[in-house]
Each structure stands twice: as C-alpha cells, then as structure tokens.
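Here's the structure, in structure tokens; my notes come after.
The values are calculated or read from the model by the stated rules, or taken from the named source; none is laboratory data. Computed from a prediction, not measured in an experiment: that's the story for all the values here. With ideal geometry, Cβ positions are generated from the backbone for all residues, glycine too; neighbour counts draw on all protein chains shown. Ligands, DNA and RNA are stripped out before the accessible areas are found, and what is left, the full protein with its side chains, is counted by its heavy atoms. Shrake-Rupley method; radii C 1.70, N 1.55, O 1.52, S 1.80 Å.
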Amino acid sequence: MPRRLARIALWAVCLAFMAHAGAAPQIQHWDTSNGARVYFVQAMELPMVDIQLVFDAGSARNGDKPGLAQLTSSLLDDGAGELDADAIAAGFENLGAQFGASSLRDMGSVTLRSLSDPAHLDPALDLLALILRAPTFPADALERERNQMLIALQSQEQSPEDIANNAFFRAVYGDHPYAADPLGTPDSLQGLARSDLEDFYRQYYVARNAVIALVGALDRADAERIAQRLADGLAAGARAAPLPAVTPLTEATTVHVEYPSSQTHILVGAAGMTRDDPDYFPLYVGNHVLGGSGLVSRISNEIREKRGLAYSAYSYFSPMRAAGPYTLGLQTRGDQAQQAVEILEQTLNDFIKDGPTAAELTASKKNITGGFPLRIASNSNIAGNLAMIGFYDLPLDYLDRFNEHVEAVTADQIRAAYKRRVHPDRMVTVTVGTTTP
C-alpha cells in the first residue's frame with residue numbers, strides 16, 4: 001500500500017509539473033543602477049541557476065573590421081584579471097558550472113549554468129563577473145584564435161553550404177552590415193590588433209548595452225543582488241546606435257557559384273522582417289504552412305513527396321534587429337536544379353496568391369501551439385527567451401500571449417501579409433554546384 005501511495009503521489013507531482021510546464025513563466029523586469037536591463041523568472045523545481053547576458057555587440061557592429069565581434073567574444077574567457085584560460089576553465093569545472101560565449105550578427109552572448117547553492121554559485125559568479133569586468137585578451141590566445149578563424153574560413157571554401165549562405169547574405173544585403181560573414185576575411189583578421197578588441201569591448205560590453213536574463217532557484221532579492229553584482233563590473237556606457245534599415249531589392253537576381261559537387265545547393269529569398277515586425281504572426285504562421293513544418297509543409301510536399309527532387313526543402317524567416325532574411329532552400333542533383341527552382345518559385349507564387357487552405361491553417365496552428373511548451377521546457381530555454389524579449393524590446397507578456405496571437409491569425413491576414421511583404425520578382429536565387437539552373 002505505501003508503494004502504491006508513493007506512485008500516486010509521484011503521478012500527482014508529475015501532473016502538477018506538466019501543468020506548470022505548459023504555462024508561460026512569470027517574468028519580472030527591472031534595471032540595474034547602471035542601466036542593464038534585467039529579466040528574471042523564478043524556477044524552484046531544480047537547484048540550478050541559468051544566466052545569459054546579451055550585448056548589442058554582434059558582427060553588425062564590426063564597422064570596417066570584419067571578424068572583430070567574433071574574435072572579441074571568443075577571447076573573453078582566455079584571460080581575466082590575474083587568471084589565464086586554464087585557471088578560468090578549471091575554476092568553472094571544479095564548481096560543476098558551465099560557461100559559454102558566442103557571437104551572432106546581432107548580439108554577443110555570455111552564459112553561465114551553476115548549482116544554486118551558495119557554495120557553488122558564489123564562486124561561479126565571481127568568475128563570471130571577473131570575465132565581464134576585466135578580460136585581458138592575451139596575445140598568445142589572440143594569435144591562436146585568429147589562426148582558428150582563418151582555418152574556419154578555409155573550411156568554408158570547401159563547404160558548398162557555407163559558400164551558398166555567404167553568397168546569399170552578400171546578394172541580399174549589399175552594403176548593409178548583415179552582408180559580411182561574421183568570421184571576417186583573411187585580410188581583415190590579419191589586420192586586427194589587440195587594441196581593436198579592447199576598444200570593441202569598452203564600447204559594446206557595457207551595462208546600458210546589456211540584457212541580463214536570470215532563471216532558477218532564486219527569490220527576487222537574490223536575483224537583484226546577482227544582476228547588480230554582474231552589472232557593477234561593467235562601465236555604464238551607452239546603448240548601441242540603431243542599425244541602418246535594409247535597402248529592399250529592386251529586381252530579381254541570380255548568383256551561381258561553380259563548385260564540383262554532386263548536389264546543387266539552392267537558396268532563394270530576400271530581406272524579411274524585424275523581430276518586432278507588426279506582420280510577425282501572419283508571416284510566421286503562414287511560413288509554417290508553406291515551408292516551416294518539415295516534411296508536411298507545402299514546399300516539401302511539392303518538391304519531395306510529389307517529385308522526389310530533394311530529401312528536404314524548407315523556408316524560414318530569421319527576424320533580427322534590422323530586417324532578417326526570408327530564406328527558401330533545398331539541395332538537389334545538379335541536373336534537377338532548374339526544375340527544383342521552378343517548382344519552388346511556383347509554390348511560393350501559388351501561396352502568395354491563394355494563401356493556406358483551412359485544413360493547412362488549422363494543422364499549423366495546432367502544431368505551433370502544441371509545441372509551445374517545448375520552447376519553455378528547460379531553464380536554459382526560458383533564459384534564451386528572456387534574453388530575446390529583452391534584446392528586441394518585446395512585451396513582457398510575449399510568452400503569455402504567444403499562442404493567443406497564433407490562434408488569432410486568419411487566412412486573409414496571411415494572404416495580405418504575403419502579398420504586401422514577399423515579392424518573388426525581387427528575390428535573390430543562389431545556386432552552388434556544377435549546373436546553372
């Protein structure tokens with residue numbers, strides 16, 4: 001009987017947790033005394049704390065020094081204060097804590113996961129605060145990381161996927177900062193000096209340019225102390241200036257890169273939307289029908305299921321600070337590339353003209369809203385969402401109302417948004433392979 005009662009109790013706990021997991025987390029927000037924006041969710045289920053700091057310090061801020069943001073980010077934990085890279089790594093490892101740093105086009109990001117008990121969390125926070133406050137960018141580490149990035153660039157030249165992606169961004173974005181490869185170029189990397197990294201850090205890794213996301217077994221007072229402790233090491237600084245608007249394409253263009261490959265990589269698209277775009281939900285739900293729902297999407301059905309032209313075909317929006325790309329893509333045999341591009345374009349044109357069917361829209365809404373709990377299924381997922389909400393200035397009830405916004409989208413709204421925002425006669429088509437479509 002006791003064992004049966006224990007099983008019943010365990011099921012009750014599980015059901016309660018599942019019910020909780022399906023609900024959007026309650027977000028608390030405040031600013032530190034020096035201007036960092038803080039977003040906090042209390043999550044007492046596990047004795048863990050996840051922290052993510054994002055800075056408006058992505059490759060879009062490189063200016064005339066491509067690769068600078070990536071190089072700066074990658075060297076943050078290679079030396080800080082009196083500690084070298086080995087001491088920092090050993091410090092986190094001995095505490096069972098996980099540290100990470102990364103850089104994208106929009107942002108530079110620093111993450112920490114630690115146990116929440118003070119014996120582990122406090123020294124882990126000390127290390128994180130030191131990295132944020134006093135990175136040293138050691139000369140030997142700079143040369144090592146520079147060489148690794150140069151090798152990565154050489155590797156890209158052997159990857160048709162990377163070649164296509166870089167050609168696509170250059171063609172879509174022209175002279176906009178998003179056009180450049182975040183890794184930079186061999187010449188730009190060779191020209192970067194340690195002082196460039198220090199200048200970049202001093203300008204962009206500052207409190208007013210930062211969002212601090214906290215999730216874990218903390219109360220509000222503890223969260224406030226932690227956020228202030230991390231922000232205190234940063235200069236107040238200033239928020240980065242707005243990025244320039246993306247200049248829309250005025251005509252369709254084709255870029256072909258000859259490459260000895262059995263498969264031709266195809267990317268079609270243009271600048272799409274910003275993260276706070278008023279058409280976000282109609283375009284997002286519409287694209288889920290068109291090419292965002294994997295093997296059951298319309299593009300996949302036309303290209304894979306009906307004609308067997310590719311294993312996968314897809315489309316997706318990448319909302320960013322400025323208009324991120326709308327990308328449609330596939331890989332196919334070289335002698336089928338022309339046909340695949342034509343089917344892809346026809347499918348897009350048909351969707352713009354007719355929009356989704358009632359059945360497609362219903363299925364996509366169920367799929368999106370049914371999968372929503374997975375977006376917030378872990379503390380690190382929630383921290384990522386908080387960082388996104390803070391970085392892009394989205395409302396605090398964004399997660400609360402996400403499914404409501406999805407459910408409210410109509411077929412008419414999708415048709416109108418696609419006709420207004422997606423223009424196949426002003427898109428770039430990039431092919432990388434042995435046959436020009």
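Summary of computed values
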quantity: Restricting the stretch 137-158 to residues that are in contact (Cβ under 8 Å) with a residue 24 or more places away in the chain and part of a loop (DSSP other than H, G, I, E, B), the residue that is most open to solvent (accessible area, probe 1.4 Å); calculated: PRO138
quantity: Selected residue [at pLDDT below 50, aromatic (Phe, Trp, Tyr) and either farther than 24 Å from GLN98 by Cα or surrounded by 11 or more Cβ atoms within 10 Å (Cβ to Cβ) (or both)] from TRP30, TRP11; calculated: TRP11
quantity: In the stretch 98-125, the residues that are closer than 30 Å to PRO177 by Cα, of a type in the set (A, V, I, L, M, F, W, C) and in contact (Cβ under 8 Å) with a residue 60 or more places away in the chain; calculated: LEU104, MET107, LEU112
quantity: Subset of the stretch 217-232 [more than 26 Å from the chain's Cα centre (by Cα) and part of a loop (DSSP other than H, G, I, E, B)]; calculated: LEU218, ASP219
quantity: Number of the exception - GLN346 against (1) open to solvent by 80 Å² or more (accessible area, probe 1.4 Å); (2) within 28 Å of LEU243 (Cα to Cα); calculated: (2)
quantity: Odd one out for ASP122, checked against (1) among the charged types (D, E, K, R); (2) crowded, with 21+ Cβ neighbours inside 10 Å; (3) closer than 21 Å to ARG229 by Cα; (4) out of contact with any Gly (no Cβ under 7 Å at 6 or more places or on another chain); calculated: (2)
quantity: Within the stretch 75-100, considering residues that are within 24 Å of the chain's Cα centre (by Cα) and loosely packed, with under 15 Cβ neighbours inside 10 Å, the one nearest to THR136 (Cα to Cα); calculated: GLY100
quantity: Single match in ALA213, ALA207 (criterion: at pLDDT 95 or above, open to solvent by less than 20 Å² (accessible area, probe 1.4 Å) and under 20 Å from the mean Cα position of the chain (by Cα)); calculated: ALA213
quantity: When residues of the stretch 186-204 are limited to those that are out of contact with any Lys or Arg (no Cβ under 9 Å at 6 or more places or on another chain), open to solvent by 10 Å² or more (accessible area, probe 1.4 Å) and of a type outside the set (D, E, K, R), the one farthest from SER73 (Cα to Cα); calculated: PRO186
quantity: Options THR357, THR332: the member that is crowded, with 17+ Cβ neighbours inside 10 Å and more than 26 Å from the chain's Cα centre (by Cα); calculated: THR332
quantity: Test: residue in the stretch 272-284 that is open to solvent by 10 Å² or more (accessible area, probe 1.4 Å), farther than 30 Å from ALA387 by Cβ and hydroxyl-bearing (Ser, Thr, Tyr); calculated: no
quantity: Qualifying residue in the stretch 301-317 (condition: over 18 Å from the mean Cα position of the chain (by Cα), surrounded by 21 or more Cβ atoms within 10 Å (Cβ to Cβ) and part of a helix (DSSP H, G or I)); calculated: yes
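Conditions tested, residue by residue: (1) part of a strand (DSSP E or B); (2) not charged (D, E, K, R).
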{"residue": "GLY237", "(1), (2)": "no, yes"}
{"residue": "PRO244", "(1), (2)": "no, yes"}
{"residue": "GLU251", "(1), (2)": "no, no"}
{"residue": "VAL255", "(1), (2)": "yes, yes"}
{"residue": "LEU267", "(1), (2)": "yes, yes"}
{"residue": "GLY272", "(1), (2)": "yes, yes"}
{"residue": "ASP276", "(1), (2)": "no, no"}
